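Contents: one structure, followed by commentary.
The values are calculated or read from the model by the stated rules, or taken from the named source; none is laboratory data. These numbers were taken from a predicted model, which means no experiment stands behind them. Note that each Cβ is placed from the backbone with ideal geometry, even for glycine, and that neighbours are counted across all protein chains shown. In case anyone asks, the SASA skips ligands and DNA or RNA and just uses the protein heavy atoms, side chains included. Shrake-Rupley method; radii C 1.70, N 1.55, O 1.52, S 1.80 Å.
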Amino acid sequence: MEDKKDMETLKRLGAASWIYLALVTIAGIALRCWWILSIPAKPVSDFKVYHTIATNIFNHLGFTLRGHPVAYQGMGYPTVLGYLYRMAGAPDPMIGKWFNVILSVATMAIFLFILCRLTGRKFVILSAYTLIALLPTYIAYTNVLGSEVLLTFLFATLIWLQIAGFDWRLRIVLIGIITGLAALTKPFFLAYPIIVAVTYWLMTKNWRRTMISFAVIAVLAAAVIAPWTYRNYQKFGAFIPISYNGGFVLYINNNNMNADGGWMPAEKVDTYKEAMTGINWDWKHGESKGRYDYRRSEAVKAEAKRWIMDNPLTFIKLGILRTKETFFAGAWDLRPWAMNELEEQQKAEWQAMGIPWNNTKFERDMATFLGLSSFLIYALSVAGFLYILVCVRAILAGLFRRQELVPGLVVVPVINSAFFIAVYFVFEGQARYCFPILFVFMICLAVTIDSLRRNLVIEKA
């Protein structure tokens with residue numbers, strides 16, 4: 001039976017592989033637990049905002065910030081975190097960190113099923129699973145109160161549902177619901193029904209089912225999002241499907257003053273004052289007004305689109321810089337986000353033992369850890385991009401040849417990777433933004449190494 005393929009693949013791996021997978025799983029779980037218990041990190045930047053909103057939800061103040069309703073970012077993660085706080089009876093960040101551990105381990109399990117659906121190659125399954133279990137970035141981010149771990153879990157579930165063997169009608173219903181949840185977490189997933197439709201069509205060439213799937217998924221995703229959209233209309237008097245910062249992000253990353261394709265203060269953009277003409281701010285706090293007033297994003301969105309149309313070459317240059325910053329900036333983000341209190345902790349421990357603080361040793365050890373973690377990110381990103389280049393011919397053939405089916409091992413990594421790359425090319429690039437797609441790059445890297453290994457063995461023979 002087709003729906004037993006993944007279990008049959010697991011059985012064919014053999015006892016030794018099962019033992020290996022069990023040991024790697026135990027190691028992955030243990031490292032995640034050890035990290036959140038031993039490496040101190042407080043919520044900062046966006047993560048502090050998530051925690052603050054979640055605390056307000058815990059206190060029955062709703063999705064608010066400093067007494068104001070907001071929809072500046074996706075509501076998914078702060079809302080989940082807030083209700084977890086309520087269930088636990090306290091807004092303790094450790095609750096969110098333990099939740100991250102559970103989600104991360106669940107993602108490992110789903111990833112194993114994805115591998116078994118896509119390929120029966122033992123080396124690919126074992127090596128890719130080892131990467132998801134032991135990748136430092138995936139371990140460290142369990143310590144961060146951010147949307148990355150939750151989104152990765154939802155994204156992995158979406159991929160698995162697309163290739164799972166049970167009834168396609170039930171699968172598209174589940175995909176529609178989870179797509180809505182993913183979009184509430186990261187609004188760019190509003191476009192994901194298109195990715196599902198393209199993937200399904202390339203693998204089956206069944207137009208009828210493809211169109212039905214697209215329509216059902218889009219409608220169900222919209223239904224999941226609708227209550228939040230209605231809430232936004234009540235609070236702001238405007239149609240805001242999920243969040244109102246999309247236009248602002250597009251603007252600050254695409255303008256004449258942006259030199260590196262990354263975030264910059266809007267006030268430094270030459271057209272900002274003109275774009276804000278006519279908006280009367282009624283705000284007394286010193287915090288960013290853009291978090292609270294949806295009108296800023298609407299005001300600058302049109303300017304951003306105009307600039308892109310008038311400056312296509314510069315837009316491409318900035319897009320390349322954003323791609324570089326997202327996928328080829330290494331793992332520098334681990335220190336400020338996932339271990340930002342480690343230095344102070346170790347200083348206190350050394351002082352308690354009467355040992356003089358050795359800053360050189362600390363910085364050297366930190367640089368070594370970040371260097372090794374960065375190497376893995378570089379390797380995964382290079383493999384992902386090369387995989388797309390190698391497979392693009394098969395994708396194009398599938399698009400233009402009516403009867404040519406494209407294997408899932410080609411379609412799933414390429415289409416999903418291209419989706420994430422396109423989003424970050426247009427909007428904003430940061431090192432942590434590559435987090436959700438890394439497990440897909442693990443498939444690319446494992447397949448690439450296995451293919452090279454097999455070719456070398458054949459040549460020797």
Going residue by residue through the range 433-442, is there one that turns out to be free of Cβ contacts under 8 Å to residues at least 24 places away in the same chain and assigned to a helix (DSSP H, G or I)? no
Filtering the range 64-92 for residues that are open to solvent by 40 Å² or more (accessible area, probe 1.4 Å) and assigned to a helix (DSSP H, G or I) leaves a count of 5
Residue hits (the range 380-400; open to solvent by less than 30 Å² (accessible area, probe 1.4 Å) and under 11 Å from Leu445 (Cα atoms)) are Leu380, Ser381, Ala383, Gly384, Tyr387
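What are the residues in the range 218-244 that are buried (at least 19 other Cβ atoms within 10 Å of the Cβ) and either in contact with a Ser or Thr (Cβ under 6 Å, 6 or more places away or on another chain) or small (Gly, Ala, Ser) (or both), if any? Walk me through it before giving the result.
Kept after step one, since they are buried (at least 19 other Cβ atoms within 10 Å of the Cβ), are these residues of the range 218-244: 218, 220-221, 225, 228, 232, 240, 242-244.
Within the range 218-244, Ala218, Ala221, Ser243, Tyr244 qualify.
Residues checked against (1) in a helix (DSSP H, G or I); (2) surrounded by 11 or more Cβ atoms within 10 Å (Cβ to Cβ); (3) at pLDDT 80 or above; (4) touching a helix residue (DSSP H, G or I) at 6+ places or on another chain (Cβ under 7 Å):
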| site | (1), (2), (3), (4) |
| --- | --- |
| Lys5 | yes, yes, no, yes |
| Glu8 | yes, yes, no, no |
| Trp18 | yes, yes, yes, no |
| Leu21 | yes, yes, yes, yes |
| Ile26 | yes, yes, yes, no |
| Ile29 | yes, yes, yes, yes |
| Ile36 | yes, yes, yes, yes |
| Pro40 | no, yes, yes, yes |
| Pro43 | no, yes, yes, yes |
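One line per residue, one yes/no per condition, for (1) open to solvent by 20 Å² or more (accessible area, probe 1.4 Å); (2) at pLDDT 95 or above; (3) touching a strand residue (DSSP E or B) at 6+ places or on another chain (Cβ under 9 Å); (4) not aliphatic (A, V, I, L, M):
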position: Ile415; (1), (2), (3), (4): yes, yes, no, no
position: Val440; (1), (2), (3), (4): no, yes, no, no
position: Leu445; (1), (2), (3), (4): yes, yes, no, no
position: Leu452; (1), (2), (3), (4): yes, no, no, no
position: Leu456; (1), (2), (3), (4): yes, no, no, no
From the option list Phe99, Phe188, Phe155, single residue qualifying as buried (at least 22 other Cβ atoms within 10 Å of the Cβ), under 29 Å from Ser45 (Cβ atoms), under 18 Å from the mean Cα position of the chain (by Cα) and not basic (Lys, Arg) is Phe155
A careful count of residues in the range 309-355 that are open to solvent by less than 30 Å² (accessible area, probe 1.4 Å) and either over 25 Å from the mean Cα position of the chain (by Cα) or among the aliphatic types (A, V, I, L, M) (or both) gives 7
Considering residues that are of a type in the set (Phe, Trp, Tyr), assigned to a helix (DSSP H, G or I) and without any contact (Cβ under 8 Å) to a residue 12 or more places away in the chain, the number found within the range 215-240 is 2
Matching residues in the range 56-101 (β-branched (Val, Ile, Thr), within 14 Å of Leu145 (Cα to Cα) and in contact (Cβ under 8 Å) with a residue 24 or more places away in the chain) number 3
Considering residues that are small (Gly, Ala, Ser) and open to solvent by less than 30 Å² (accessible area, probe 1.4 Å), the number found within the range 245-261 is 2
Only one of Lys301, Lys324, Lys347 is closer than 16 Å to Phe427 by Cβ, out of contact with any helix residue (DSSP H, G or I) (no Cβ under 7 Å at 6 or more places or on another chain) and either not aromatic (Phe, Trp, Tyr) or not in a helix (DSSP H, G or I) (or both), namely Lys324
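Report yes if Ile172 is among the hydrophobic types (A, V, I, L, M, F, W, C), in contact with a Cys (Cβ under 7 Å, 6 or more places away or on another chain) and either assigned to a helix (DSSP H, G or I) or closer than 30 Å to Pro93 by Cα (or both), otherwise no. Spell out the reasoning first.
Values: among the hydrophobic types (A, V, I, L, M, F, W, C): yes; in contact with a Cys (Cβ under 7 Å, 6 or more places away or on another chain): no; either assigned to a helix (DSSP H, G or I) or closer than 30 Å to Pro93 by Cα (or both): yes.
For Ile172, the condition - among the hydrophobic types (A, V, I, L, M, F, W, C), in contact with a Cys (Cβ under 7 Å, 6 or more places away or on another chain) and either assigned to a helix (DSSP H, G or I) or closer than 30 Å to Pro93 by Cα (or both) - is not met.
Matching residues to (1) of a type in the set (A, V, I, L, M); (2) over 26 Å from Phe47 (Cβ atoms); (3) at pLDDT below 95:
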| site | (1), (2), (3) |
| --- | --- |
| Leu313 | yes, yes, no |
| Leu321 | yes, no, no |
| Leu334 | yes, no, no |
| Met339 | yes, no, no |
| Arg364 | no, yes, no |
Cys116 fails exactly one of (1) at pLDDT 95 or above; (2) open to solvent by less than 10 Å² (accessible area, probe 1.4 Å); (3) touching a Ser or Thr at 6+ places or on another chain (Cβ under 7 Å); (4) not small (Gly, Ala, Ser), namely (1)
